[in-house]
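What follows draws every value from the coordinates through simple rules; no lab data is involved. None of these values were measured; they are calculated from a predicted model. We place every Cβ from the backbone using ideal geometry, glycine too, and count neighbours over all the protein chains shown.
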Amino acid sequence: MARQLSQQEIDAVFQGLQTNGGEESLASKAVPFDFRRPDRIAKSQLRAIHLLHDNFVRNLVSSMSAYLRSYVIVNLVSVEQLSYAEFLECLPSPTCIASLGLRPYDGNAVLEVNSSLVFPILEILLGGNGKASTVLQREITEIEQSLLDGLFKIILRELKEAWKGLTAIDFTLESLETEPQFVQILAPSEAVVAIAIEVRIGESVGMMNIAMPSIIIKMMRQKFDQQWSVRKTHASEAEQARVLRVLRDAAITLEARMEGPTVSVRDLLSLREGYVLMFDYPVDRPVEVLANGVHKFTAQLVSTGKKRACLLEKIRPVPSQGRIKEGAEGGG
């Protein structure tokens, strides 16, 4: 028969759980939830933004090197999502921070360039070598801000070019400040995607940070999906046919080889004029025909008029050629 527990036994069980730290273990696993936490965007979108800014960094290296006539190294450090307040807390003070327009989208982005990077750039633009002995920690003047217009034009132009593959955004410089707390273009709890970029100019190293509102990136979700779907799909038959039309006029090298007979290095070094080499190659054995060094056909040696020729007997399959190979063999 089933035995029923008394009330005293039930109380003893719960009391044992409390004394063994049952409630404490449950409490330690609990995580406080902040309802003001910014809504997260998909990881696939973050990966796409990372790839997008990889292209931006590569283009920025050449543009800044030509503009400053100095050796420039640019590295993409991180792409992460956080609140706008957390982004501002990570910025130094004073610094050079700009508010960017994002036409045709409503909203603004933020571009910040550290002082450790700004002042060496200003020195190079004014004819110096950019090798400052001390790092200046002061606000930039209005004259210095006007000198930086060319630099910001290059950065915004490369940003526009990088985002063009996803969507057309016209990045424009709307305002320039020196204190991060003065750039209150977003609510502190609003989510942004922060892109951290390290820039090295000679011996000077500094950070450039970009913050894009997550709400605008969410508006581009369909464009992100389209971009990934285009990458995943295979080329259509029309595209394959177009590629084949372009390749038909390309020139390749054909050579017929009688492969098989070998000779040792000792015998090769001992050859003299008048020696006869016996290749021992049967007349009826097919020769190998190579296209650009790749075995493509087997053939028989024939003559056509006064010329030697090859009569193709068999087309050798080439691995991983697929349908494009079949189309190439059918035409021409």
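Numbers below:
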{"quantity": "For Ile252, Ile73, Ile143, order by how many other beta-carbon atoms lie within 10 Å, fewest first", "calculated": "Ile143, Ile252, Ile73"}
{"quantity": "Förster radius 45 Å - calculated FRET efficiency between Gln7 and Lys218 (Cβ-Cβ, nearest 0.05)", "calculated": "0.20"}
{"quantity": "When the convex hull of its Cα atoms is projected in every direction, mean area for the stretch 43-232 (nm²)", "calculated": "10.3"}
{"quantity": "Residue exposure sequence - Glu273, Glu161 - by fewest surrounding Cβ within 10 Å", "calculated": "Glu273, Glu161"}
{"quantity": "Charge sum, other residues only, whose C-beta stays under 12 Å from Thr95's C-beta, Lys/Arg counted +1 and Asp/Glu -1", "calculated": "-3"}
{"quantity": "Over the stretch 43-232, relative contact order from alpha-carbon pairs under 8 Å, at least 6 apart, %", "calculated": "34"}
{"quantity": "Positive minus negative residues near Ile169 (Lys, Arg vs Asp, Glu; Cβ under 10 Å)", "calculated": "+2"}
{"quantity": "Lys, Arg +1 and Asp, Glu -1 on Cβ, resulting dipole of the stretch 43-232 about Cα centre, debye, nearest 20", "calculated": "1000"}
{"quantity": "Ranked Met278, Met207, Met258, criterion: other C-beta atoms within 10 Å, fewest first", "calculated": "Met278, Met258, Met207"}
{"quantity": "Per DSSP, loop chymotrypsin sites (Phe, Trp or Tyr not before Pro) in the stretch 137-172 with at most 10 further Cβ within 10 Å", "calculated": "none"}
